[in-house]
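Worksheet: the structure to be examined is printed underneath.
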């Protein structure tokens, strides 16, 4: 009986430790503007784990335009500041495909202890052509939740 209680306690402890390494991110109001044509994407909730990349998630896939995103959470450690020690770095990788061209960009965001952990993301992709280039504008709202 004592061994059973110890093993149950150990499993509960391990579950609580691993649960702290996971956050959920809610993505909403996804819009991409390509030459005046606005395309919307679905609202999504994504599970994020500390130090692990998410698979490429499609934000927009319409009218010959496909934009995917991958996230990675990194715990930020600072020996000089308690506020910075409670920080989280969110690394974002975008992949935009249109007209047979593929563009990749990377962005980093920092969240600290008292931040509301939400953001309005605006990213521009420049697709170079022979005579003129076009700009694709991506806008969405993200919010980190426990």
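Readers should treat all values here as calculations from the given coordinates under stated rules, not as data from a laboratory. Worth saying up front: this structure is predicted, and the values here are computed from it rather than measured. Positions of Cβ are backbone-derived with ideal geometry, glycine not excepted, and every protein chain shown enters the neighbour counts.
In plain terms, the residue of 94, 49 with the fewest other Cβ atoms within 10 Å comes first and the most crowded comes last, giving 49, 94. As a proxy for reagent exposure, ranking 67, 136, 57 by other Cβ atoms within 10 Å from fewest up yields 57, 136, 67. As a rough footprinting exposure proxy, the listed residues 123, 108 were ranked by other beta carbons within 10 Å of their own, and the order from fewest upward is 108, 123. The range 37-69 to the range 94-125: how many Å between their Cα centroids? When both Cα centres are located, 11 Å separates them.
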